[in-house]
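Have a look at the structure below, then the notes.
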Amino acid sequence: ASGISFCKKAISYYMVDGSAQWNTQAQTGNPTMSKAVNKCIAEIKKHEVRKQGKKSNAKRDMKRAEFKKTLEQLRHVHGVTNQYKVPAMLKVQFHLIARTDDICNLESADLREHEQFPEFALQTKVAWSKNVNEERECPDQIILGSNDPDFCALLGLAGYLESRFTENWGNARFLFGERNDDDEPLRANDNYCKLLNKLWKTSEFREVSEEVRGGIGTHSIRKFASTWAAEHGCTYTEVEIR
């Protein structure tokens with residue numbers, strides 16, 4: 001159903017009058033607005049829920065043990081950049097309940113000490129979020145430390161930034177990028193996703209995840225963070241604001 005819905009949306013983009021309802025008799029308007037098409041998609045969804053259709057490709061949320069195993073594997077990855085940068089990206093993504101796009105588009109200048117609590121907190125903006133259309137929808141997000149080193153964004157950033165300045169590319173425009181051109185976030189995102197997906201296919205990782213049904217992807221990190229926050233006392237509204 002999700003595949004057909006995507007095709008429907010893609011075709012609709014090229015319709016001259018995309019908002020016009022489809023007239024079956026006159027064969028005019030936007031065919032993707034046809035009641036028959038929407039009824040077909042709804043019927044397919046019903047069968048998918050009943051496990052009568054194509055096996056779902058939806059990614060579940062990551063589990064705590066999988067998150068920990070990913071960090072353990074990253075310590076043995078070749079290259080100082082991957083050993084420090086990718087774990088920092090992972091922890092900041094979890095901390096901000098962010099998408100990979102959001103993390104890769106963070107600019108170095110956006111990361112700064114917290115105005116009210118500079119001794120123990122940082123702040124940043126997630127201006128790249130797909131839900132942000134106005135500046136007022138992009139408030140400062142606080143970054144705090146954690147007693148658990150697997151979750152501590154400050155610890156992850158400290159190790160990463162030290163390695164970054166050692167490699168003499170500390171003035172990079174993007175926090176997790178090395179070049180200053182506009183395509184760097186795309187490259188960083190591609191490399192980040194490729195490395196994580198490669199680690200998640202190893203036998204070592206599958207030993208941890210084999211008891212959990214369903215596949216995971218990079219969006220599973222965001223789902224994990226959202227679930228984790230809800231299970232530890234955050235309200236739905238608090239998770240949504242974050």
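Using the alpha-carbon atoms, what tilt in degrees (0 to 90, nearest 10) does helix 184-199 show relative to the longest principal axis of the chain?
90 degrees
How large is the translational diffusion coefficient of the chain in µm² per second when you combine the Kirkwood radius over alpha carbon pairs with Stokes-Einstein at 37 °C and 0.692 mPa s?
D, rounded to a whole number, is 160 µm²/s.
Using a 10 angstrom cutoff on alpha carbons, build the Gaussian network for the chain and name the most mobile of A98, A172, A26.
Its mean-square fluctuation being the largest, the pick is A26.
So what is the calculated 222 nm ellipticity per residue for the chain, using -39500 (n - 2.57) for each DSSP H run with n of 4 or more, over all residues, to the nearest 500 deg cm²/dmol?
When only DSSP H runs of four or more count, the value is -14500 deg cm²/dmol.
Below 8 Å, C-alpha to C-alpha, sequence gap of six or more: please give me the relative contact order for region 58-179 in percent.
Taking the mean separation of contacting Cα pairs over the length of region 58-179, I get 28 percent.
How far is helix 2-13 tilted off the main Cα axis of the chain, in degrees rounded to 10, range 0 to 90?
Approximately 80 degrees, to the nearest ten.
Tell me the per residue accessible area of region 37-135 using a 1.4 Å probe; a whole number in Å² is fine.
With all protein chains present, region 37-135 gives 60 Å² per residue.
Could you grab the relative contact order for the chain? Cα pairs under 8 Å, six or more apart, rounded to a whole percent.
23 percent
Based on DSSP loop calls and a cut-off of at most 10 other Cβ atoms within 10 Å, the longest stretch of the chain free of exposed GluC sites (Glu not before Pro) is what?
My reading of the result: 1-114 is the longest stretch.
Note the angle between two axes, namely the Cα long axis of helix 153-166 and the longest principal axis of the Cα atoms of the chain, as a number of degrees from 0 to 90, rounded to the nearest 10.
70 degrees
Which of S209, S220, S146 ends up with the largest GNM mean-square fluctuation for the chain, with Cα atoms connected below 10 Å?
Looking only at S209, S220, S146, the largest GNM fluctuation is found for S146.
Counting only protein heavy atoms and using a 1.4 Å probe, what share of the accessible area of region 1-121 belongs to carbon plus sulfur, as a whole percent?
Whole-percent figure for carbon plus sulfur exposure: 55.
I'd like the distance between the alpha-carbon centres of region 191-242 and region 147-174, rounded to an integer number of Å.
Here the answer is 22 Å between Cα centres.
The values are calculated or read from the model by the stated rules, or taken from the named source; none is laboratory data. Worth saying up front: this structure is predicted, and the values here are computed from it rather than measured. Here the Cβ is made from the backbone with ideal geometry for all residues, glycine too, and neighbour counts use every protein chain on show. These area figures cover heavy atoms from the full protein model, side chains too; ligands, DNA and RNA do not enter into them. Shrake-Rupley method; radii C 1.70, N 1.55, O 1.52, S 1.80 Å.
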